Amino acid sequence: MKTAGFSLLAALALALMFSGSALGQNTAVNPPGDPSYYFVTYYSNNVSGAPDATLRLINDGDQGQNLVAGIYVFDDSEEMEACGYCPITPDGILSEDVKTELTNNTLTPGGPPSRGVIKVLSLLYINVGGGVGYGTSAGIHGWASHVQSAGASKYALTETPLADSNLSPGEFENLPYICGVAQQLGSGRATITCTAEDHDF
């Protein structure tokens, strides 16, 4: 069954601030094959008149349950501008438009950033102190299209796999914490729009 996405709620943001991270690193057993659970990519030419870039994520189904994509969007000044947590069903695909879904409600007003970095965590629901949190788990894989300038207001689109990246303990703690702080400070801003799976196809 397809499930609509959701943004991180204010209550979760506060919980992250005052009780520490609700994420657990390497809590799930990684399956044989690709054990990656942290990815990065970039977006560029995110401006009016240019084509829309797209982030596409799939759940390979190996875990046999819903996974959650933690998506963190930065501008080119290395500031987190938006974030959220989008579920993906087994063998499901999630497509997120950079312009209208990932950078349409940034922490800093004045329009979406023209370029920056997107980080993705592959997460699994886990129990945390009797509540529900997330643990890292392999299973989400992704691709991103990139808007390349071709001169004279012309653009070309390329698409590449997300780059498999190393996740330090500090980065692992900072991503959800900064996300929670940004959303609390933003009072409704700094959120992404998680659409229903395959909405943009």
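The values are calculated or read from the model by the stated rules, or taken from the named source; none is laboratory data. Every value quoted in this text rests on a predicted model; they were computed, and no experiment measured them. Ideal geometry is used to build each Cβ from the backbone, glycine not excepted, and the neighbour counts take in all protein chains shown.
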Query raised in the report: Any chance the range 103-111 includes a residue that's modelled with pLDDT of 90 or more and small (G, A, S)?
Result: no
**Report entry** Output for the range 80-114, where each listed residue is in contact (Cβ under 8 Å) with a residue 60 or more places away in the chain, of a type in the set (V, I, T), more than 11 Å from D52 (Cβ to Cβ) and surrounded by fewer than 23 Cβ atoms within 10 Å (Cβ to Cβ)
**Finding:** T89, I93
Report summary line: When restricted to A156, A150, A196, the only residue out of contact with any helix residue (DSSP H, G or I) (no Cβ under 9 Å at 6 or more places or on another chain), part of a loop (DSSP other than H, G, I, E, B) and not charged (D, E, K, R) is A196
Query - Qualifying residue in the range 51-66 (condition: under 16 Å from R115 (Cβ atoms), modelled with pLDDT of 50 or more and over 19 Å from the mean Cα position of the chain (by Cα)) - result: yes
Requested in this report: Inspect the range 153-163 for any residue being charged (D, E, K, R) and exposed (fewer than 11 other Cβ atoms within 10 Å of the Cβ) and give the result as yes or no.
Outcome: yes
Report task. Please state which of the following conditions T136 fails to meet, knowing it meets all the rest: (1) at pLDDT below 95; (2) within 14 Å of the chain's Cα centre (by Cα); (3) within 25 Å of S48 (Cα to Cα). Result -> (3)
Report summary line: Among G142, G170, the single one that is at negative phi and surrounded by 20 or more Cβ atoms within 10 Å (Cβ to Cβ) is G142
Requested in this report: Could you grab me the full set of residues in the range 42-83 that are in a loop (DSSP other than H, G, I, E, B), out of contact with any Lys or Arg (no Cβ under 6 Å at 6 or more places or on another chain) and of a type in the set (G, A, S)?
Outcome: S48, G49, A50, A53, G61, G64, S77
Query - Residues within the range 94-117 that are touching a Phe, Trp or Tyr at 6+ places or on another chain (Cβ under 6 Å) and within 18 Å of L175 (Cβ to Cβ), tallied - result: 2
Query raised in the report: Do you know which of the residues in the range 148-189 that are touching a Gly at 6+ places or on another chain (Cβ under 9 Å) and among the aliphatic types (A, V, I, L, M) is nearest to I58 (Cα to Cα)?
Result: L162
Report task. Can you tell me which residue within the range 104-119, out of those that are in a strand (DSSP E or B) and not charged (D, E, K, R), is nearest to Q148 (Cα to Cα)? Result -> G116
Query raised in the report: Restricting attention to the range 154-192, which residues are under 25 Å from P51 (Cβ atoms) and of a type in the set (D, E)?
Result: E159
